[in-house]
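Following: one structure in structure tokens, then a few remarks.
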Amino acid sequence: MSASERPAFYLTTAIAYPNGNPHIGHAYEYISSDALARFKRLDGFDVFYMTGTDEHGQKVQQAAKAAGLPEQEYASRNSDVFEAMDKALDISFDRFIRTTDEDHLAASAAIWNRMVEAGDIYLDTYSGWYSVRDEAFYTEEETTVLEDGTRISTDTKTPVEWTEESNYFFRLSKYQDKLLELYETKPEFIAPATRRNEIVSYVKAGLKDLSISRTTFDWGVPVPGHPEHVMYVWVDALTNYLTGAGFPNTDSAAFQKYWPADLHIIGKDISRFHTVYWPAFLMSAGIELPKRVFVHGFVNYKGEKMSKSVGNVVDPMDLVDTFGLDAVRFFLLREISYGQDGSYSEDAIVGRINSDLANEYGNLAQRCLKMVARDFGGVVPTPGEFTADDKALLDRAGNLLDAVRAEFDQQQIHLGLEQLWLTLGETNRYFSAQAPWTLAKSGTPEDIAREGTILYVTMEVLRIVSTLVQPVIPASAGKILDLLAVTDRDFATLTTPLRPGTPLPQPEVVFPKYIAPK
Ligand code: ME8
């Protein structure tokens with residue numbers, strides 16, 4: 001199928017504040033969304049997958065000041081670190097957007113103008129509490145005063161400061177009913193359901209109009225016609241999703257093809273911005289709404305929140321250096337239920353490497369392929385008639401695409417992996433029960449023929465599992481497919497069985513056990 005015939009799928013991550021180095025939470029968001037993007041591509045979609053950095057706003061400006069650098073230089077430098085990490089993590093993004101990109105400034109101005117035309121923007125005086133760390137406004141009731149007199153946001157515990165200025169406001173209150181109707185009629189718009197329920201209660205409690213410009217600093221997108229104001233950073237940040245699709249040129253091929261976005265992947269601290277403000281801005285601007293916002297949980301270290309003051313913030317690249325990229329990718333996606341908080345520790349990573357990857361997957365492949373090399377001259381054996389056990393296992397593997405797709409379509413990546421590992425478990429039991437090595441020992445032509453059938457069945461399962469696990473561990477699944485001499489690797493080829501007689505390369509260990517250095 002050519003790209004123009006394949007259905008489009010537009011997938012985004014949140015764009016990170018480049019006010020420091022990326023941490024494991026960022027890596028988690030990119031790895032998980034990358035697995036979803038790769039799955040869709042292999043499943044025949046024309047995927048446009050975008051990530052990037054959110055460079056404006058007070059938070060980045062303050063960090064730049066502290067570093068003694070001009071904002072643009074500071075933001076670009078850190079943005080480069082994010083982009084380099086993405087590449088090192090094998091993130092298959094199609095665009096790395098920066099909110100300082102030229103086309104993004106045009107898109108932000110255009111959505112602003114549309115909201116003005118809709119009569120939804122007005123000038124007023126804002127007075128209230130603002131958290132620079134969250135880039136969010138809070139009402140007095142949403143804050144708490146600590147014993148030492150500092151006032152913080154009760155929810156996020158970040159300090160807030162009193163802000164009073166003449167701002168442009170967005171008529172968010174006008175969209176309360178329309179938003180509730182959206183959540184009601186399109187329940188799939190917010191996932192998981194727990195997040196949806198939280199947002200419904202929040203909106204039901206009443207929405208106030210939102211201050212959407214600032215005049216007390218200038219690191220932002222200028223408000224059209226009023227350059228003394230810069231846009232509230234979230235107005236410009238959210239608009240990045242439109243920029244990626246070619247907005248404001250709504251007639252462009254990109255916009256026609258990719259908008260509305262199919263899936264926004266974000267973390268739990270920014271669900272309000274994506275499921276309340278963002279659809280309201282789009283409704284005001286007369287632009288179709290994205291189809292779904294999936295909210296993932298937070299990654300903690302040994303159950304504790306990561307924080308600079310506790311000193312438990314780990315550079316994701318250090319983990320990759322220690323354990324290998326695919327081991328880290330696999331661990332995060334297998335261990336943590338997508339949509340819930342999860343935790344990592346070095347011991348837990350080692351446990352997953354040694355049990356799931358080395359034992360259940362790598363060792364099975366290695367044992368099977370070594371016997372093929374030794375007893376069948378290194379070519380795919382010709383199977384005899386399949387027994388009931390063979391058929392049961394082949395059927396199970398044959399149903400995996402549907403089963404795994406059903407989970408990935410709901411972003412239940414961990415459950416998709418569970419399906420694959422249940423099948424590997426079953427295959428290991430089959431392999432032990434069939435004991436092909438005893439047949440090899442006996443050496444009769446019937447026993448050798450039966451050995452070949454068992455190895456063929458096992459290789460077939462390995463082919464299917466390896467094809468389906470590519471989105472999560474692309475390099476190592478690719479190596480196993482190399483060892484099986486499988487060249488066509490997209491999901492449409494899953495129904496094409498291994499061809500007997502195909503020569504195979506020398507088997508090699510793809511998933512060694514992790515042994516801690518002494
Ligand atoms: O919020 N575990 O940027 P950001 C998992 N610029 N995910 C985490 C995490 C953790 N411990 N900590 C953060 C912003 N994240 C805005 C987004 S989008 C138009 C603008 C996630 O750098 C977080 O939830 O603070 C968010 O999805 C992403 O990392 C970027 O966070």
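Taken together, the values in this text are just the output of simple stated rules run on the coordinates, not laboratory data. Only a predicted model underlies this, so the values are computations on that prediction, with no experimental measurement involved. As a convention, Cβ positions derive from the backbone with ideal geometry for all residues, glycine included, and neighbour counts pool all protein chains shown.
Summary of computed values
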item: Interchain or long-range residues, amide H under 5 Å from residue 46's placed H; result: 8, 9
item: FRET efficiency, 1/(1 + (r/R0)^6) with R0 22 Å, evaluated for residue 156 and residue 215 via beta carbons; result: 0.35
item: Simple label model, 7 Å out from Cα along Cβ direction - residue 80 to residue 415, nm; result: 4.4 nm
item: Residues 322, 502, sorted so that the one with the fewest Cβ neighbours within 10 Å comes first; result: 502, 322
item: Cα long-axis angle, helix 71-88 against the chain (0 to 90 degrees, to the nearest 10); result: 10 degrees
item: Residues 90, 148, sorted so that the one with the fewest Cβ neighbours within 10 Å comes first; result: 148, 90
item: Stokes-Einstein translational diffusion, the range 121-214 - Kirkwood Rh over all Cα pairs, 1.567 mPa s, 4 °C, in µm²/s; result: 87 µm²/s
item: Electrostatic dipole magnitude of the chain [Cβ: Lys, Arg +1; Asp, Glu -1; Cα centre; debye, to 20]; result: 1140 debye
item: Cross-link reach list, lysines versus residue 65, counting only Cα pairs under 23 Å and skipping chain neighbours closer than eight places; result: 308
item: Dipole of the range 358-503, positive direction: furthest Cα of 384, 492, 416, with charges on the beta-carbon; result: 384
item: Share of Cα-Cα pairs in the range 358-503 lying beyond 26 Å, as whole percent; result: 19 percent
item: Proxy reagent accessibility, fewest Cβ within 10 Å first, across 173, 79; result: 173, 79
item: For the chain, with +1 on Lys and Arg beta carbons and -1 on Asp and Glu, the positive-most of 24, 7, 364 along the dipole; result: 364
item: Residue 194 versus residue 144: modelled label distance in nm, points set 7 Å from Cα along the beta carbon direction; result: 2.0 nm
item: Check: the range 277-379 dipole with +1 on Lys, Arg Cβ and -1 on Asp, Glu Cβ, in debye; result: 260 debye
item: Positive minus negative residues near residue 140 (Lys, Arg vs Asp, Glu; Cβ under 15 Å); result: -3
item: In order through the range 17-30: 3J(HN,Hα) via Karplus (6.51 cos²θ - 1.76 cosθ + 1.60), integer Hz, x for Gly, Pro; result: 6, x, 9, x, 8, x, 10, 5, x, 5, 4, 4, 5, 6
item: Degrees separating the helix 364-375 axis from the principal Cα axis of the chain, which is the longest one; result: 30 degrees
item: Integer Hz, Karplus 6.51/-1.76/1.60 couplings in order for the range 190-198, x for Gly and Pro; result: 10, 9, x, 4, 4, 5, 4, 4, 4
item: Dipole axis of the chain (+1 Lys, Arg; -1 Asp, Glu on Cβ), positive-most option in 394, 115, 322; result: 394
item: Under 5 Å, built H, 5+ apart or other chain: amide partners of residue 296; result: 266, 267, 268
item: Sequence-distant residues sharing a close amide H with residue 136 (under 5 Å, placed H); result: 131
item: Beta bridge orientation in the chain: antiparallel %, DSSP, nearest 5; result: 55 percent
item: Rounded, prolate or oblate (a/c below 1.5 giving rounded, otherwise prolate when a/b exceeds b/c) for the range 432-518 by Cα gyration tensor; result: oblate
item: Principal-axis tilt of helix 474-483 within the chain, Cα atoms, nearest 10 degrees; result: 20 degrees
item: Packing-based order for 325-332, 108-115, using average beta carbon neighbours within 10 Å, highest first; result: 325-332, 108-115
item: Debye intensity ratio I(q)/I(0), log10, the chain, q values 0.06 Å⁻¹ (C-alpha model); result: -0.34
item: Cβ-placed point charges (K, R +1; D, E -1), dipole of the range 1-109 about Cα centre in debye, nearest 20; result: 220 debye
item: Surrounding net charge for residue 413, when Lys and Arg each add one and Asp and Glu each subtract one, Cβ distance under 10 Å; result: -1
item: Summed residue charge, Cβ within 12 Å of residue 486's Cβ, Lys/Arg positive, Asp/Glu negative; result: 0
item: Note, ³J(HN,Hα) from phi for the range 430-446, Karplus 6.51, -1.76, 1.60, rounded to Hz, x at Gly and Pro; result: 4, 4, 5, 5, 6, 6, x, 5, 6, 5, 4, 5, 4, x, 5, x, 5
item: Cα-Cα separations in the range 167-246 greater than 15 Å, expressed as whole percent; result: 67 percent
item: Cross-link pairs 157/204; 87/370; 268/302 - those with Cα-Cα distance over 28 Å; result: 87/370
item: Theoretical ellipticity at 222 nm over the chain - DSSP helices of four or more residues, -39500 (n - 2.57) apiece, nearest 500; result: -14000 deg cm²/dmol
